[in-house]
Amino acid sequence: MSTLYPDFLEKYLTEKEITTLKERESLHTYQFNELTFVRLSQEYKDYPRGAVFYEKGIIPGYPRIMRILHLENGINRYFKDSFYVEEKVDGYNIRIAVINGTPLAFTRGGFICPFTTDRIPDLIDTNFFKEYPEYIICGEVVGPGSPYNTEAIPYVDEDVVFLVFDILDEEGIRLHIEDRYKIFERFNIQQIRRWGPFNVSGGTSDMDEIKKIILELDRDGREGIVIKPVSDGKSVKYVTLSSCLRDLEATAHLITELPAGFFTQRILRAVFFCHEFGIPLSSEYLISSAKALYLIPEQTLKKVADGESVKEFFDVRVRNKNTVDELIQHLNRSGVRTQLVSVEKSGDHYRAKFHRIYIKGTRELRHRLMGKGFFD
Ligand code: ATP
């Protein structure tokens, strides 16, 4: 086997599979605490993107969730039996697993996140792992103190919280939904909000109830829902009208950084929502969307013309000072440059302020300002 990949990979994948994955450049080796990990950067067979292999096992990837754009028809299509509705929150996905006695936080892509790993004792009761060392806790880190997200969350005022929504075993099998609710309750681990169980096969009253929930979430500035079956089956996700606008407002400065599909998807989701709920798109919504899509990029262009870069500001809290350097290194791996502004002691934590600078998006605006032509 190639010296590029550790021998333990052969425990989990055949030689042919390893060769295929190498050709696709899907295997990436990294070290953490003197341990070697290999992360999968693209989905392969039953392994979702972000699965991580190491000497003693696999951290399964968090499965993708299918989206529906028509709530009622989507539920009728995919849910013949009982299901729960969970709130969908907008932060970043984390899987926490114990490796060699240490809880580590893995990002969706299979990196170890130094920030989240540092904050685990603030986020969950780690006694959970004394009873269930083989389980992987999955959830979303949300809040203004996130090192990845800039969208304002109306329900978290400061720092971050970890809202859990799944337990995976080593084979990537989800724990039964109601067992999961009970276990997390027992350890007082903060779960995502939920409603149910529902069953729509018997009539429409549950469907009416679900529609009421989504309209309430929409009004409250929440992102949406994930609908999960009680027994086997797939989960689906559905988002609110207001979340589409908030997404545009939070990302329009990255118009030269993100794929165009990111923006058109939000428009389509909004149009479907209004169609199904018979809501006319108000002038206020239309003006806000147009402002987001034109005024924010206009302001960004002005800044770049004045010599600035496309950037975002972050203010995060960590327990150990070393974590700040590790976080910066981790963030720099993604092609977005990170510039530290300050690190200060603040109570039990250190507070790190930094900018993330979007090189590609800035370069594109600069080139256009310089008159450089391009084919579109
Ligand atoms: P995907 O990989 O599923 O195609 P994505 O990475 O683009 O999607 P989203 O479209 O935001 O992300 O939706 C899926 C994500 O929503 C999950 O990966 C998870 O991090 C997050 N999420 C928030 N709330 C929940 C919840 N209650 N149950 C499951 N996932 C949730």
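If we sort 78-90, 189-201, 136-148, 12-24 on the protection proxy, mean other Cβ atoms within 10 Å, highest first, what's the order?
136-148, 78-90, 189-201, 12-24
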Practice prompt. Distance check, please: which entries in LYS45/LYS237; LYS182/LYS212; LYS182/LYS353; LYS80/LYS182; LYS228/LYS360 exceed 28 angstrom between their Cα atoms?
Written response: LYS182/LYS353; LYS228/LYS360
Worksheet item: Which shape class, rounded, prolate or oblate, goes with the chain when its Cα gyration tensor gives a ≥ b ≥ c as root eigenvalues, a/c under 1.5 marks rounded, and past that a/b bigger than b/c marks prolate?
Response: rounded
Worksheet item: With a sphere of radius 15 Å drawn around the Cβ of GLU298, what net charge do the other residues whose Cβ falls strictly inside it have (Lys, Arg +1; Asp, Glu -1)?
Response: +1
Worksheet item: Working out 0.36 nm times the residue gap between ASP122 and ILE65, then minus their Cα-Cα distance, what length gain in nm do you get to one decimal?
Response: 17.7 nm
Fill in: Dipole of segment 1-52, positive direction: furthest Cα of LEU21, TYR44, ASN33, with charges on the beta-carbon
TYR44
Fill in: Computed label-point distance, nm, for sites LYS360 and LYS291 using a 7 Å Cα→Cβ extension
3.0
Worksheet item: If you average the sequence gap of Cα pairs under 8 Å that are 6 or more apart and divide by the length of the chain, what percent do you get for the contact order?
Response: 15
Worksheet entry | Phi-based couplings in Hz for segment 330-342 (Karplus 6.51, -1.76, 1.60; Gly and Pro marked x) | 4, 5, 5, 5, 8, x, 10, 7, 10, 10, 6, 9, 6
Worksheet item: Dipole size in debye (nearest 20) for segment 130-197 around its Cα centre, Lys and Arg Cβ +1, Asp and Glu Cβ -1?
Response: 240
Discussion item. Could you work out how much longer the chain between LYS16 and GLU284 gets when fully extended? Use 0.36 nm per residue separation minus the Cα distance between them, nm to one decimal.
Written reply: 90.8 nm
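Read-outs throughout are calculated quantities, based only on the coordinates presented, and are distinct from any laboratory measurement. Fair warning: this is a prediction, and the values are worked out from it, not measured in the lab. When we count neighbours, we look across all protein chains shown, and the Cβ atoms used for this are built from the backbone with ideal geometry, even at glycine.
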